[in-house]
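Working notes for the structure below.
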Amino acid sequence: METTSRNTPAQLQRRSLRLSAQKALEQKEKCHVKMKAKRCATSVTISEIPPSKKMKVQKILKSTEEQELEKTMKMQQEVVEMRKRNEEFKKLALAGAGKPVKKLKPPVKPPTQPVGFDLEIEKRIQERESRKKSEDEHFEFHSRPCPTKILEDVVGVPEKKVLPITVPKSPAFTLKNRIQMPRKNEEEEPVVIRAQPVPHCGVPYKPQFSEARTVEICPFSFDSQDKERHLQKEKKIKELQKGEVPKFKALPLPHFDTVNLPEKKVKSTTQAEPFCLETDKRGALKAQTWKHQLEEELKQQKEAACFKARPNTITSQEPFVPKKEKKSVAESLSGSPVQELFQLATEKGAKERQELEKRMAEVEAQKAQQLDEARQQEEELQKEELARLRKDLGHKANPIRKYQSVEVKSSDQPLTVPVSPKFSTRFHC
């Protein structure tokens, strides 16, 4: 009974409210700590900011301080409200667990008031409009004074340069000045005669005389061709001189009394002709085919409208004779039909399945046999290779080679007699 009295629904409700309030307070404290950390991380040094932007930064800093104060005030108000709610819930729980709990209405918040954006573009537009108005109001036209130099003399055109007259001179082709005369002032350097070195007499010089060859003078290959061509030209000139000289014959003068003009060619006027288009040809062909189809359809309709009775064939046909049923003796005696044999599809499928399994088993047996044969062949090849390697790896000593014996023979040459060298030239004749 004590356990039931402890865990009443009112107590459970109070406990849940406390836990929810504690969680809300912890989350708000965490958010407050994060905001402080961000503000410390993003600290702005006002000394580095230019003076034009200091006012804006001060405004921003002030707004952040105000926001933090507002947040702290809101947090305090929410904590007070939560405490009031807890006290009300406690009173309700103490009053009675069976009584219905009244739902507390949340406080009515004031409606949000819209605030316009403070954009830089609007400020610029206002500044431009104010500048335009000021310019339009204060614009005054001031004329410049006329320069007096224009009235006195010509300005901006340079004076004409008077070039000197060219003096004619004869070309100095054969003048003494152009001939380079020898210079007398130059001192002639004395010519130093140097003797040639004495030739080396060790090897006598033997000049090699070339063989005397007489050069045969032959004319060029084109000389004969030029001579023949020249002779042919002379012959043609002589033939033309011997021939008759053409005589000049003047044409008669025309009669100026009658003027014979050529007939005027009168061109015929252009006659309009229709265009020979491919579309017209195709249209004509289609019209012909359509007419032909209409004529055939009309013929078929006329033929169908004409009634023609078919010939009477029933009288010539044999009359209908019913066929007798062929029944077995047992069926005729018993009066009931004999059950015919039939084959189920399952039985047919089972037979086909057995045949297929037999084929598959044969194919698998063949594959297994082929694999066994291949394995046996590989094993035999491996054994052969191992035997061959063992033979090759076995050491086989080569036999000792036998060479001919070396016989030492004494030389036939006499011994060398030592003689002292004769370096000095005193004893030479």
Taking a probe of 1.4 Å, how large is the accessible area per residue of the stretch 374-429, in Å²? 127 Å²
With a point put 7 Å past each Cα toward its Cβ, work out how far Glu239 is from Arg144 in nm, to one decimal. 9.5 nm
Computed ³J(HN,Hα) along the stretch 248-259: with the Karplus parameters 6.51/-1.76/1.60, θ = phi - 60°, integer Hz and x for glycine or proline, the list is 7, 10, 7, 7, x, 6, x, 7, 8, 5, 10, 9
From the phi angles alone, apply the Karplus equation (6.51, -1.76, 1.60; θ = phi - 60°) to the stretch 277-287 and give each ³J(HN,Hα) in whole Hz, x where the residue is Gly or Pro. 8, 5, 5, 5, 5, 5, x, 5, 4, 5, 5
Cα→Cβ-extended label distance, 7 Å offset, between Lys28 and Leu294, nm: 9.8 nm
Per residue, how large is the accessible surface of the stretch 247-295? Use a 1.4 angstrom probe and give square angstrom. 123 Å²
Based on the Cβ-Cβ distance from Glu378 to Gln343, what FRET efficiency comes out when R0 is 45 Å, to the nearest 0.05? 0.35
Could you sort His395, His292 by accessible area so the largest value comes first, with the probe set to 1.4 Å? His395, His292
How much length is gained on full extension from Ala304 to Thr214, taking 0.36 nm per residue of separation minus their Cα-Cα distance? 19.8 nm
In order through the stretch 345-361: 3J(HN,Hα) via Karplus (6.51 cos²θ - 1.76 cosθ + 1.60), integer Hz, x for Gly, Pro: 5, 5, 5, 4, x, 5, 5, 5, 5, 4, 4, 5, 4, 4, 4, 4, 5
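The values are calculated or read from the model by the stated rules, or taken from the named source; none is laboratory data. Model, not experiment: these values are computed from the prediction. Glycine also receives a Cβ, built like all others from the backbone with ideal geometry; neighbour counts cover every protein chain displayed. Note: accessible area is taken over every heavy atom of the protein model, side chains too, but ligands, DNA and RNA are not part of it. Shrake-Rupley method; radii C 1.70, N 1.55, O 1.52, S 1.80 Å.
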